[in-house]
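Here's the structure we're looking at; comments come further down.
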Amino acid sequence: MTILVTGASAGFGASISRTLVKAGYQVIGAARRQDKLQHLSQELGAAFLPLEMDVTDTNSVDQALASIPEQWAQIDLLVNNAGLALGMEVAQEANFADWERMIHTNVLGLTYVTRKILPQMVQNNKGYIINLGSTAGSWPYKGGNVYGATKAFVRQFSLNLRTDLVGTRIRVTNVAPGLCGDTEFSNVRFRGDEDRVQAVYENISYLKPEDIANTILWLYQTPAHVNVNHIEIMPVSQTFAGLSVTRDLA
């Protein structure tokens, strides 16, 4: 059985790959940055196959998947992890190019990879798709606009996938993490502004990539008759409670 993890070069993807390989599985780690994949390959050994792939480029996805060796080609678990957030400007001030890139990566990239892998799962009547959503897909926050919308799409797409697959043995789960540190997420969002990055996590006990990786492993190892539709995970320090109210607004 082979597992394909997108966005495997860092953060959640790298941690998920490590955890699954250590648990005894064969993992294909796909990402744009081949240098980081090679470092991960040296660390994890023969059970990890680095695959250069840009999910926003359909030709790149086609070529990458076609290059997978035959003994790795039967994908039993697809972890759609590749994604990003860019900026936190309010909608009327946001950079539209950032919106486009988030949509291309978080929505179009995820759906294209899924569409490429799903037919073989249906043919074999076996498989599992785990999509990495976000609490931002359920709970809006200022500046979350299109990023949150893309993650709401991921959740709904996951639910509709499972509906389309009724009568099959294929499982689908949307995993929605909350505030998580020790990744490149905020570095990418704030374009390397370390002061802004540090401010996000200052004095907070946040989730770690290993927490999400262990969740993925648990999900994969649940009995084949169990389907977890959606799982939302926040650190204890974070909550969705309390709606914003502006006083004396004429």
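The values are calculated or read from the model by the stated rules, or taken from the named source; none is laboratory data. Being a predicted model, the structure only gives us computed values, none of them experimental. Cβ coordinates were reconstructed from backbone atoms using ideal geometry, including for glycine residues, and neighbour counts include every protein chain displayed.
Observations on the structure shown:
- Residue satisfying all of: in the range 1-11; more than 15 Å from SER60 (Cβ to Cβ) and modelled with pLDDT of 95 or more; nearest to the chain's Cα centre (by Cα) among these: VAL5
- Residue check for GLU70: acidic (Asp, Glu), surrounded by fewer than 17 Cβ atoms within 10 Å (Cβ to Cβ), closer than 20 Å to TYR128 by Cα and over 16 Å from the mean Cα position of the chain (by Cα): yes
- Sole exception among (1) outside any helix (DSSP H, G or I); (2) in contact (Cβ under 8 Å) with a residue 60 or more places away in the chain; (3) small (Gly, Ala, Ser) for SER158, by number: (1)
- Qualifying residue in the range 162-169 (condition: assigned to a helix (DSSP H, G or I), touching a residue at least 12 places away in the same chain (Cβ under 8 Å) and within 19 Å of SER15 (Cβ to Cβ)): no
- Extreme residue, modelled with the lowest pLDDT, among residues of the range 170-182 that are in a strand (DSSP E or B) and within 16 Å of PHE240 (Cβ to Cβ): CYS180
- Residue satisfying condition, being surrounded by fewer than 18 Cβ atoms within 10 Å (Cβ to Cβ) and aliphatic (A, V, I, L, M), within set ALA14, ALA91: ALA91
- Number of residues in the range 209-243 that are part of a helix (DSSP H, G or I), polar (S, T, N, Q) and either over 22 Å from ALA152 (Cα atoms) or more than 14 Å from the chain's Cα centre (by Cα) (or both) equals 2.
- Residues in the range 24-64 that are without any contact (Cβ under 8 Å) to a residue 24 or more places away in the chain and in contact with an Asp or Glu (Cβ under 8 Å, 6 or more places away or on another chain) were compared, and the one that is surrounded by the fewest Cβ atoms within 10 Å (Cβ to Cβ) is GLN34.
Here's the yes/no breakdown for (1) without any contact (Cβ under 8 Å) to a residue 40 or more places away in the chain; (2) crowded, with 17+ Cβ neighbours inside 10 Å:
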{"position": "THR173", "(1), (2)": "no, yes"}
{"position": "PHE185", "(1), (2)": "no, yes"}
{"position": "ASN203", "(1), (2)": "yes, no"}
{"position": "ILE212", "(1), (2)": "no, yes"}
{"position": "LEU219", "(1), (2)": "no, yes"}
{"position": "ASN227", "(1), (2)": "no, no"}
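- For the range 149-160, the set of residues classified as closer than 21 Å to VAL79 by Cβ and either surrounded by 18 or more Cβ atoms within 10 Å (Cβ to Cβ) or within 16 Å of the chain's Cα centre (by Cα) (or both) consists of THR150, LYS151, ALA152, PHE153, VAL154, ARG155, GLN156, PHE157, SER158, LEU159, listed by residue number.
- Among the residues of the range 65-87, those identified as farther than 19 Å from PHE153 by Cβ, of a type outside the set (D, E, K, R) and in contact (Cβ under 8 Å) with a residue 24 or more places away in the chain are LEU65, ILE68, TRP72, ALA73, GLN74, ILE75, LEU77.
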